[in-house]
Each structure stands twice: as structure tokens, then as C-alpha cells.
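> Take a look at the following structure, please.
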Amino acid sequence: MADWEGINEFVAVAETGSFTRAANRLGSSVAHISRQVKAREQRMGVSLLVRTTRKVSLTEEGRVYHQHCRQILDALTAADSALANLQHTPTGHLRLTAPVSFGEKYLAPLISEFAQRYPGLSIDLQLSNQRLDLIDESIDLAVRIGLLEDEQLIPRKLAERQPIVCAAPEYLARHGQPHTPSELAQHNCLLGTLDYWRFSINGRAQNLPVSGSLRCNNGPALRNAACQGLGLVQLPDYYLHRALASGALVEVLNAYAPPREGIWALYPANRRLSPKVQLLVDYLQEKLAKLH
């Protein structure tokens with residue numbers, strides 16, 4: 001393993017010709033600079049500096065050593081600069097996954113905008129309702145919704161959503177309005193990927209099995225079916241704002257609304273969050289905060 005101790009101090013002395021000026025450059029003390037350089041010479045087994053009461057100069061070995069150390073420090077500075085620049089002009093490949101319906105309506109347009117902003121990036125967006133293995137599939141980031149189960153993934157909340165139960169006025173006129181979740185057994189409940197709806201009953205979150213004549217894994221399609229009067233539906237608020245505002249749908253059972261659910265960005269715990277992924281997460285968090 002490379003030994004870096006004393007290199008900054010030696011280079012500062014070599015370039016300023018003074019322990020005092022080197023200490024000023026590095027914001028340190030003359031005693032510390034002197035100890036570090038002397039320790040470096042002892043480890044190298046050579047004299048790098050000629051010290052007199054008037055000046056400090058380089059030995060022949062010191063001149064050679066300074067040239068190489070200067071290159072090393074310049075390369076390190078360039079590496080730090082490149083990493084900092086990457087946060088603003090990221091390059092390379094980026095893979096992420098998200099649920100189909102949410103990804104199609106909300107995430108894909110944002111990813112397109114992000115790709116236009118950073119043309120040096122190659123982005124692979126996988127839309128799937130299956131929970132893909134981020135490590136096995138070499139995926140940098142997953143967007144997932146609701147309760148988190150995988151402890152091997154580190155979460156960052158992007159936004160929240162509120163599940164809402166609603167139906168068209170025509171459906172409620174024909175079949176009546178349910179006043180408690182238990183009454184849903186007498187109603188046509190339009191299903192997504194799950195066989196239950198979420199409620200808060202007596203202060204506790206509960207999953208209530210429901211059934212109906214239509215199942216679809218697409219939120220907008222379920223909303224449209226509900227608008228046509230086919231049945232009740234429970235969907236996240238961002239699918240329903242316009243339909244509720246126009247009166248095409250009417251909210252029911254709001255007294256039993258479940259807790260708000262998180263929309264999460266997840267990445268593997270065994271990977272450090274790269275600057276380009278961090279930049280994407282920050283971008284999604286900013287944009288999805290305005291979700292509607």
C-alpha cells in the first residue's frame with residue numbers, strides 16, 4: 001500500500017523554499033511540516049532537502065522525487081475535479097427499474113427530460129411489476145411504492161401517495177354508496193395487481209379482500225373503467241385528481257383512508273451511491289414532489 005504521509009508537506013517546502021511559507025500554504029505549523037518531511041526522509045532513506053539558516057533547497061534526489069510527487073498530486077487534484085464535475089455532467093451507463101403503470105405515466109417522461117439534460121448518459125429504464133434483483137440484474141436504482149421489505153436495499157423517499165376509493169356518480173346512484181369497508185362485499189370492486197384494498201379501521205392499517213368483474217395492472221385503465229360506471233376503484237391520488245375535480249368520480253369511505261404510502265428510490269446496500277445516481281435521485285425527488 002502506498003505511503004502518502006509527508007508528501008504534501010515535502011512538495012510545499014520544495015515549491016516555496018521555506019518551512020514557514022509551506023506551513024502558511026497548508027495552514028499548518030512549522031514544527032508539523034518539519035516533522036513530516038523528516039519522517040518522509042527517514043522512510044525513504046535519503047536526504048531530500050538541504051537545510052541552512054538562510055534557505056532550504058532540494059538535493060538531487062529531492063529534485064527527482066519532487067517531480068514525481070508533483071505529478072501524483074496533480075493527478076489526485078484532477079481526479080477530485082473529475083468526480084466533482086461528474087455530478088454536473090455525468091457520463092456512462094445507468095440502469096433503473098420501476099412499476100409499469102407509474103413508470104409509463106410519471107417516470108418515463110422525467111427520465112427522458114433527464115437524458116436530454118445529460119446527453120453523456122446512456123439510460124436503461126426497465127418497467128416491470130416484478131421486483132427485479134438489483135444486484136443480479138446489475139441495476140443501479142429501483143423506484144418502488146408502498147411498504148419496503150428488502151433490508152439489503154437502502155431507501156430514499158421521493159414522494160408520497162394517498163390511496164382513494166371512488167366511483168362514478170352513476171354507479172353510486174344505481175348501487176348505493178358504501179359507508180363502511182365491510183359493505184364492499186356487496187359492490188363491484190375493480191382490482192389491480194392485489195386482491196385486497198388498504199384501509200385504516202379503528203386506528204389500525206388493515207388489508208380487506210375485495211372482488212369484482214375487472215382486473216387490470218394499469219391505473220389509468222382502472223380509473224377510466226370507474227369513470228364509465230363499472231364499479232368502485234381504489235387508486236393513488238395522482239391518478240384521480242382530475243376525475244375527482246371534474247365530478248367524474250366521487251370519493252367514498254374517506255373516513256377509512258389508509259396511511260399515506262411512500263414512493264421510494266432504492267439502491268443496494270453493498271454499493272456506494274455514485275454521483276450520477278445521486279444526481280438522478282435528487283432530480284426525481286424534486287420533480288415527484290409536484291406529483292399530480
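> Using +1 on the beta carbon of Lys and Arg, -1 on that of Asp and Glu, and nothing else charged, what's the dipole of the stretch 38-143 about the Cα centre, debye to 20?
Values: 12 positive and 12 negative charges, 201 e Å.
Around 960 debye, computed over the stretch 38-143.
> Whose amide H sits under 5 Å from the amide H of TRP197, counting only residues 5 or more places off or on another chain, with H placed in the peptide plane?
Counting only residues 5 or more places away or on other chains, the set is LEU208, VAL210.
> State, as an integer percentage, the relative contact order of the chain based on alpha-carbon contacts under 8 Å between residues 6 or more apart.
Relative contact order for the chain comes out at 20 percent.
> Same structure again: In Å², and per residue, what accessible area does the chain have when probed at 1.4 Å with the other protein chains present? Don't skip to the answer; put the middle values down first.
Numbers: 16180 Å² over 292 residues.
For the chain, the solvent-accessible area averages 55 Å² per residue.
> Roll a 1.4 angstrom probe over the protein heavy atoms and tell me the percent of accessible area of the stretch 153-292 that is carbon or sulfur.
49
> Using the Cα centre of the chain as origin and beta-carbon charges of +1 (Lys, Arg) and -1 (Asp, Glu), tell me which of PRO169, ALA185, GLN67 is placed farthest towards the positive end of the dipole.
Positive-most Cα among the choices belongs to GLN67.
> What is the set of long-range amide H partners of ILE164 at a cut-off below 5 Å, with H atoms built 1.01 Å from backbone N?
For ILE164, whose amide H was placed from the backbone, the distant partners under 5 Å are LEU235, ASP237.
> I would also like to ask the following. At a 10 angstrom cut-off on C-beta neighbours, averaged per residue, how do the peptides 122-131, 233-242, 216-225, 60-69 rank from highest to lowest?
Working: 122-131: 13.6, 233-242: 20.7, 216-225: 16.9, 60-69: 15.3.
Final packing ranking: 233-242, 216-225, 60-69, 122-131.
> Then there is this: Here are labelled values, (i) 23, 22, 18; (ii) 65, 18, 16; (iii) 28, 23, 21, and one is the computed semi-axes √(5λ) of the Cα gyration tensor in Å for what I pasted. Which one?
Calculated semi-axes √(5λ) of the Cα gyration tensor in Å: the matching label is (ii).
> Search the structure for amide H atoms under 5 Å from the amide H of ARG95, placed 1.01 Å from N in the peptide plane, and list their residues when 5 or more places away or on another chain.
For ARG95, whose amide H was placed from the backbone, the distant partners under 5 Å are ASP124, ASP140, LEU141.
> Related question: What's the magnitude of the charge dipole for the stretch 152-266 around its Cα centre, counting Lys and Arg as +1 and Asp and Glu as -1 at the beta-carbon? Answer in Debye, nearest 20. Mind showing how you got there, number by number?
Values: 10 positive and 7 negative charges, 57 e Å.
Value, rounded to 20: 280 debye.
> Applying the Karplus parametrisation 6.51 cos²θ - 1.76 cosθ + 1.60 with θ = phi - 60° to the phi angles of the stretch 245-253, what ³J(HN,Hα) value in whole Hz is obtained for each residue in order, glycine and proline being reported as x?
5, 7, x, 5, 10, 10, 6, 10, 6
> Could you give the dipole magnitude of the chain about its Cα centre, charging the beta-carbon of Lys and Arg +1 and that of Asp and Glu -1, in debye to the nearest 20?
900
> Put +1 on the Cβ of each Lys and Arg and -1 on the Cβ of each Asp and Glu in the chain; which of PRO209, TYR118, GLN36 then has its Cα farthest toward the positive end of the dipole?
Of PRO209, TYR118, GLN36, it is GLN36.
> How many Lys pairs in the chain lie less than 15 angstrom apart by Cα atoms, where the lysines are 8 or more positions apart or on different chains?
4
The values are calculated or read from the model by the stated rules, or taken from the named source; none is laboratory data. The structure displayed is predicted, hence computed values, not measured ones. Don't worry about glycine lacking a Cβ; one is built from the backbone with ideal geometry, like all the others, and counts go over all protein chains shown. Surface accessibility is based on the protein's heavy atoms, side chains included, excluding ligands, DNA and RNA. Shrake-Rupley method; radii C 1.70, N 1.55, O 1.52, S 1.80 Å.
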